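> Below you'll find the structure I mean.
What follows is calculated from the coordinates using simple rules that are stated; it is not laboratory data. These figures come from a predicted structure and were not determined experimentally. So basically every Cβ, Gly included, is an ideal-geometry build from the backbone, and we count neighbours across all protein chains shown.
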Amino acid sequence: MIIAERKPIDEIMAMLTGVKRLLLIGCKGCVTVCSAGGEREVEILASLIRLGRKKEGEPIEIIEAALTRQCDKEYVDAIDQWDGQYDAIMSMACGVGVNFIANLRPVATVFPAVNTTSFGGSQLQGVWTEQCAGCGNCILHLTGGLCPVARCAKSLMNGPCGGSQDGKCEINPEVPCIWQHIHDRLHRLNKGASLTAIMPIRDWSTAGHGGPRKTVRDDLTL
Ligand code: SF4
Ligand code: SF4
């Protein structure tokens, strides 16, 4: 899932300078699961904003809502009902949701309320760790299902580097060296011999550095 966390309140308040009527919208998808931008977080942020503005002597009207998803036009259209009732929209969805609303509302001011950090999985209750960087050219079949692109601090294709020690990464003794784990796992699976093959220099063009990527479902023709 996509992981995000709410921006610091001071940053949010600074974005809203001069805004008198705000549409604050959360998303019931990933940001609800990671408690960054679901219904409950919309309610909490709305209270914080109202309180902050009251202290400044600049009250603000806030319409609160949470869409089923903010990355789908079908659901974003639900905000039509508030047309003319706000000066700006603040989205509590991931960056995809914010972009989507900006695409669909060309003349609306749209602010992000969260920082989108990664694609990850739940490690402990309330803790998520990055697992995939959406590189567009998955190599997990070569690395025992563990991703060096997202989980190695240097995104090395042939590791570990010289900084790996006791299974930990040199950036932080609490961070596993994923390349050590890849080696251990492949040996456990009797596939250790595959580690002698040098992986070629990676072509990062699939990772989106050449512009936005597009995915079309096989059964559709555009
Ligand atoms: S290799 Fe690429 S697509 Fe596969 S898990 Fe890693 S970042 Fe994601
Ligand atoms: S110690 Fe391991 S995880 Fe850290 S940068 Fe080196 S190879 Fe990557």
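> Non-local amide H neighbours of D87 (under 5 Å, H modeled in plane, Pro and chain starts lacking H): which ones?
Amide H to amide H, under 5 Å and 5 or more residues apart or across chains, D87 pairs with K20, R21, L22, L23.
> On each of the three principal axes of the Cα atoms of region 2-118, give max minus min coordinate, whole Å, ordered largest first.
37, 29, 19
> Additional query: Which longest run of the chain has no exposed loop site in it, a site being trypsin sites (Lys or Arg not before Pro) in a DSSP loop with at most 12 other beta carbons within 10 Å, and the site itself not part of the run?
That would be 1-190.
> Region 197-215 to region 19-90: how many Å between their Cα centroids?
Value for the Cα centre distance between the two parts: 36 Å.
> What is the helix-to-structure angle for 39-55, meaning the angle in degrees between its Cα long axis and the longest Cα principal axis of the chain, kept from 0 to 90 and rounded to the nearest 10?
Roughly 50 degrees, rounded to the nearest 10.
> Would you kindly calculate the mean projected area, averaged across all directions, of the convex hull enclosing the Cα atoms of region 133-202, in square nanometres?
Dividing the Cα hull surface by four gives the mean projection, 4.7 nm².
> Stretched out fully, how many nm does the piece from R217 to L51 gain, at 0.36 nm a residue minus the Cα gap?
Length gained between R217 and L51: 55.1 nm.
> Hey, fewest Cβ within 10 Å first, where do Y75, Y86 land in order?
Y75, Y86
> Can you tell me which aspartates and glutamates have their Cα less than 16 Å from the Cα of K28? Leave out same-chain residues fewer than eight positions away.
Within the straight-line cut-off, K28 pairs with E5, E39, E41, E43, E64, D72, E74, D77.
> Go through K20/K73; K7/K55; K7/K54; K191/K214; K73/K154; K7/K73 and tell me which ones have a Cα-Cα distance over 31 Å in this structure.
K191/K214; K73/K154
> Sorting V31, V96 on the 10 Å Cβ count, fewest up front, what's the list?
V96, V31
> Using each residue's phi in region 104-113, evaluate 6.51 cos²θ - 1.76 cosθ + 1.60 at θ = phi - 60° and report the 3J(HN,Hα) Karplus result to the nearest Hz, with x for Gly and Pro.
My calculation for region 104-113 gives 8, 10, x, 10, 8, 7, 10, 10, x, 9 Hz in order.
> Between W204 and N137, what is 0.36 nm times their sequence separation minus the Cα-Cα distance? Round to one decimal in nm.
Value of the extension gain: 23.3 nm.
> Restricting to Cα pairs below 8 Å that are 6+ residues apart, what does the relative contact order work out to for the chain? Please round to a whole percent.
Reported relative contact order: 17 percent.
> Can you divide the C-alpha Rg of the chain by 2.2 N^0.38 Å and report the result to two decimal places?
1.26
> If the cut-off is 19 Å between C-alpha atoms, which aspartates and glutamates fall inside it for K168, apart from same-chain ones fewer than 8 positions away?
Partners found: E130, D184.
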